[in-house]
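Report on one structure; see the data block that follows.
Any read-out appearing in this document is the output of simple, stated calculations on the displayed coordinates, not a laboratory observation. Source: prediction; values computed, not measured. Cβ coordinates were reconstructed from backbone atoms using ideal geometry, including for glycine residues, and neighbour counts include every protein chain displayed.
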Amino acid sequence: MTKSNEERVRFANDELFEKGNLGVVDEIFSADYIVHSGGKDYKGREFIKRFIKLLRLAISDIRVVEIKFLSQTGDIIVWQRTLSGVHQADMMGIPPTGEKVEWREMVVTRFDGEKIAEEWTVSELAGQLLLKLPGAC
């Protein structure tokens, strides 16, 4: 049975964030995958594996709280996810707070056939981690 792009996005989030299953990266992402985030471009499946490892180290109990699909046209889907977990290790130079953090990410995903080829992301994670630091407003 062929999966829809929405089903592919849900599968990717479940396997990578919830389960930490990096073995599915080649199944989900194209070999020339690229993500545009924070004014930078990150390329390849190895980037995805490194990022998920770092995120799951910093927030080992990470959970996908919600996924909302906003728009889909052809091979592009626009969606938002809400994630949460306890910040337990250094992340992006921000020391662990031991506090629960919840953040949203906006994602535009372009598929090439059945694989994710390109994404544009905006994330609240860094801001939410900084707000948990002692002395933050």
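Yes or no, residue by residue, for (1) touching an Asp or Glu at 6+ places or on another chain (Cβ under 7 Å); (2) buried (at least 18 other Cβ atoms within 10 Å of the Cβ); (3) of a type outside the set (D, E, K, R):
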| residue | (1), (2), (3) |
| --- | --- |
| 78 | no, no, yes |
| 87 | yes, yes, yes |
| 100 | no, no, no |
| 108 | yes, no, yes |
| 114 | no, no, no |
| 121 | yes, no, yes |
| 126 | no, no, yes |
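Scanning segment 44-57 for residues that are assigned to a helix (DSSP H, G or I) and more than 13 Å from the chain's Cα centre (by Cα), we see that the one that is farthest from residue 11 (Cα to Cα) is 57. Applying the set (1) of a type in the set (S, T, N, Q); (2) surrounded by 15 or more Cβ atoms within 10 Å (Cβ to Cβ); (3) outside any strand (DSSP E or B) to residue 60 leaves exactly one unmet item: (2). The listed residues are 82, 109, and the only one of them that is of a type in the set (Val, Ile, Thr), outside any loop (DSSP other than H, G, I, E, B), closer than 25 Å to residue 23 by Cα and without any contact (Cβ under 8 Å) to a residue 24 or more places away in the chain turns out to be 82. The set of residues in segment 1-43 being part of a helix (DSSP H, G or I) and aromatic (Phe, Trp, Tyr) consists of 11, 17. Among the residues of segment 127-135, is there at least one that is in a strand (DSSP E or B) and within 23 Å of residue 42 (Cα to Cα)? No, because not a single residue in segment 127-135 is in a strand (DSSP E or B) and within 23 Å of residue 42 (Cα to Cα).
Close contacts from segment 91-102, counting a first residue that is touching a residue at least 40 places away in the same chain (Cβ under 8 Å) and under 9 Å from residue 132 (Cβ atoms) and a second that is of a type in the set (A, V, I, L, M) and in a strand (DSSP E or B), with Cβ to Cβ under 8 Å and a gap of 6+ residues or different chains, come to 101/86.
Across segment 6-42, what is the number of residues that are surrounded by fewer than 16 Cβ atoms within 10 Å (Cβ to Cβ) and either acidic (Asp, Glu) or within 16 Å of residue 107 (Cα to Cα) (or both)?
Here the count works out to 14.
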